[in-house]
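All remarks here apply to the structure that follows.
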Amino acid sequence: MREASARGEALGLSEDELAFYDALETNDSAVKILGDETLRGIAQELVRTVRENVTIDWTLRENVRAKLRVLVKRILRKYGYPPDKQERATETVLEQAALLSSNWAAA
């Protein structure tokens, strides 16, 4: 846990942003093409966007999940995330969002 926190601080990311950063970083070609700085920007924008759009029951409502999926893909395209890897990255980001949003609702 401390190691993740230190890594987040080194990258200038909050815990939530680091979770999304890690989700995006699993794609090696994206890291090579975009670099840490761009991935950091994507992670920060994803946290902001997802937080603004999740509701308590969003994981149960298909229309809300579909809207989030579109927003995530739009952000990935905006930053030039490799198109062939966007679908997997979107799914990974939504999985992370499902895990993190329970904490957001409690806050």
Gained length - Arg48 relative to Glu9, 0.36 nm times residue gap less alpha-carbon distance: 12.2 nm
Given charges of +1 on the Cβ of Lys and Arg and -1 on the Cβ of Asp and Glu, with all other atoms neutral, how large is the dipole of the range 2-106 about its Cα centre, in debye to the nearest 20? 440
Answer with one residue from Asn103, Leu34, Leu11: the one whose Cα lies farthest towards the positive end of the charge dipole of the chain, charges on Cβ with Lys, Arg +1 and Asp, Glu -1. Leu34
Reachable aspartates and glutamates, given that their alpha-carbon falls under 16 Å from the alpha-carbon of Lys85 and they are not under 8 places away in the same chain: Asp22, Glu25, Asp28, Glu95
Among all the lysines, which ones have a C-alpha under 18 Å from Lys67's C-alpha, if same-chain residues fewer than 8 places away are not counted? Lys78
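Classify the range 38-97: rounded, prolate or oblate, from the alpha-carbon gyration tensor (a ≥ b ≥ c, eigenvalue square roots; a/c under 1.5 rounded; otherwise prolate if a/b is larger than b/c)?
Values: a/c = 2.21, a/b = 1.55, b/c = 1.43.
The shape class here is prolate.
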With a 10 Å cut-off between alpha carbons and a GNM built on the chain, which of Asn27, Asn53, Asn63 moves the most? Asn63
Quick one: among Val50, Val70, Val93, which has the greatest mean-square fluctuation in a GNM of the chain with alpha-carbon springs under 10 angstrom? Val70
Could you tell me whether the range 2-106 comes out rounded, prolate or oblate from its Cα gyration tensor? Rule is a ≥ b ≥ c as square roots of the eigenvalues, rounded for a/c under 1.5, then prolate if a/b exceeds b/c, otherwise oblate. oblate
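Read-outs: derived from the displayed coordinates by stated rules, not from any lab. On a predicted model such as this, the values are computed, not experimentally measured, just so you know. Here the Cβ is made from the backbone with ideal geometry for all residues, glycine too, and neighbour counts use every protein chain on show.
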